[in-house]
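The values are calculated or read from the model by the stated rules, or taken from the named source; none is laboratory data. Keep in mind that what you see is a predicted model, and the values were worked out from it rather than measured. Ideal geometry is used to build each Cβ from the backbone, glycine not excepted, and the neighbour counts take in all protein chains shown. All accessible areas refer to the heavy atoms of the entire protein, side chains included, with ligands and DNA or RNA removed. Shrake-Rupley method; radii C 1.70, N 1.55, O 1.52, S 1.80 Å.
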Amino acid sequence: YKGKILGKPKNRLDAEEMLSLLSGKWHEVYSGFFFTVSGKTGEGFSKTYVKFKDLRKSEIIEYIETGELMDKAGAYAIQGKGSVFIEKIEGCYFTVVGFPVVKFIKRLKEVLIENP
């Protein structure tokens, strides 16, 4: 799966394939932003590493049955029932949820306060 981008699953089979790929492995999650405020712009992104535990097929099927994952990139929600699959993260939790809050606020301050 190296180099493969895991978006939102198209269907249950796609979700099962994604979760099987992630099982027992590390993967990278990226989240980015762009803003315009008072005529000034800023952008940024954050990367977090996520390690999945080894998943049994029955766990994957049971999770798919919840429906929680169908609108989530990578076919899991770290902030929901998918949290039980996460063995370890290195980086910002909010990047995995979908918006790197700390990085965004830092960049916003740089643009608005430090560069008036």
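Projecting each Cα onto the charge dipole of the chain (Lys/Arg +1, Asp/Glu -1 at the beta carbon, about the Cα centre), which of Ile61, Thr36, Ala15 comes out farthest on the positive side?
About the Cα centre, the residue reaching furthest to the positive side is Thr36.
Please compare each pair in Lys4/Lys72; Lys25/Lys103; Lys10/Lys72; Lys4/Lys103 to a cut-off of 22 Å on the Cα-Cα distance and tell me which ones are over it.
On the way: Lys4/Lys72 16 Å; Lys25/Lys103 26 Å; Lys10/Lys72 10 Å; Lys4/Lys103 25 Å.
Over 22 Å Cα-Cα: Lys25/Lys103; Lys4/Lys103.
Reported to two decimal places, what Rg/Rh ratio describes the chain when computed on Cα atoms with Rh from the Kirkwood expression? Write down the numbers at each step before the final one.
On the way: Rg = 16.5 Å, Rh = 15.3 Å.
Looking at the chain, the ratio lands at 1.08.
Calculate what fraction, in whole %, of the accessible area of segment 1-48 sits on carbon and sulfur atoms when a 1.4 Å probe is rolled over the protein chains.
Numbers: 1730 of 3120 Å².
The C+S portion of the solvent-accessible surface of segment 1-48 is 55 percent.
Rank Ile78, Pro100, Val111 by how far each Cα sits towards the positive end of the charge dipole of segment 55-116 (+1 on Lys, Arg Cβ; -1 on Asp, Glu Cβ) and give me just the farthest.
Val111
Pick from Leu13, Leu22, Leu55: which residue has the top mean-square fluctuation in a GNM of the chain where Cα pairs under 10 Å get a spring?
The residue with the greatest mean-square fluctuation here is Leu13.
For the chain, set up a Gaussian network in which alpha carbons nearer than 10 Å are linked by springs, and say which option among Ser83, Ser46, Ser31 fluctuates the most.
Ser83
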